[in-house]
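The values are calculated or read from the model by the stated rules, or taken from the named source; none is laboratory data. Only a predicted model underlies this, so the values are computations on that prediction, with no experimental measurement involved. Cβ placement follows ideal geometry from the backbone for every residue including glycine, while neighbour counts extend to all protein chains displayed. To get the accessible areas, we keep the full protein, side chains included, count just its heavy atoms, and leave off ligands, DNA and RNA. Shrake-Rupley method; radii C 1.70, N 1.55, O 1.52, S 1.80 Å.
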Amino acid sequence: MKAEINFNVSITEDVLKKIEVITSELKTEFAGFLIGEVKDDVITINDIIFPKQSVSGGSVDIESKDVLTLRSNDKRWKNLLGLWHSHVSMGTFWSG
């Protein structure tokens, strides 16, 4: 059995610009937590939190203690929708 859920996803111009700048300037992978809201059938991403991370040309590592610190200290965390990361010069695909 296959379930299908349809949502529209909207990203604010400000968040999109942040992602574009980071991906164009860095030659390493990089990650951020997507912040926003779900209302009716629309997911709106309106902010991004960049955690402390170790990056390379092929990986991003975020330590659990740094995630816990963000969770405790950043009020935006309550609107967490997901995690985003770049693939440098590789195409778009689901990471393993």
*N8 is checked against (1) without any contact (Cβ under 8 Å) to a residue 12 or more places away in the chain; (2) surrounded by fewer than 12 Cβ atoms within 10 Å (Cβ to Cβ) and fails just one. What number does that condition carry?*
(1)
*Of the conditions (1) at pLDDT 85 or above; (2) part of a loop (DSSP other than H, G, I, E, B); (3) not hydrophobic (A, V, I, L, M, F, W, C), K2 fails just one. Which one is it?*
(1)
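Got a sec? Which of S72, S24 is exposed (fewer than 10 other Cβ atoms within 10 Å of the Cβ), at pLDDT 85 or above, assigned to a helix (DSSP H, G or I) and of a type in the set (S, T, N, Q)? First the steps, then the outcome.
Details: S24 fails: at pLDDT 85 or above.
Answer to the selection: S72.
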_Can you confirm whether I35 is without any contact (Cβ under 8 Å) to a residue 40 or more places away in the chain and not in a helix (DSSP H, G or I)?_
no
*Search region 27-43 for residues being crowded, with 18+ Cβ neighbours inside 10 Å and modelled with pLDDT of 85 or more, and hand back the single one that is farthest from D66 (Cα to Cα).*
G36
*asked:* open to solvent by 50 Å² or more (accessible area, probe 1.4 Å), part of a loop (DSSP other than H, G, I, E, B), modelled with pLDDT of 80 or more and within 20 Å of V15 (Cα to Cα): is that true of K52 in this structure?
replied: yes
*Evaluation of G57 against (1) open to solvent by 40 Å² or more (accessible area, probe 1.4 Å); (2) at pLDDT below 85; (3) of a type outside the set (D, E); (4) part of a helix (DSSP H, G or I) (one fails), failing number*: (4)
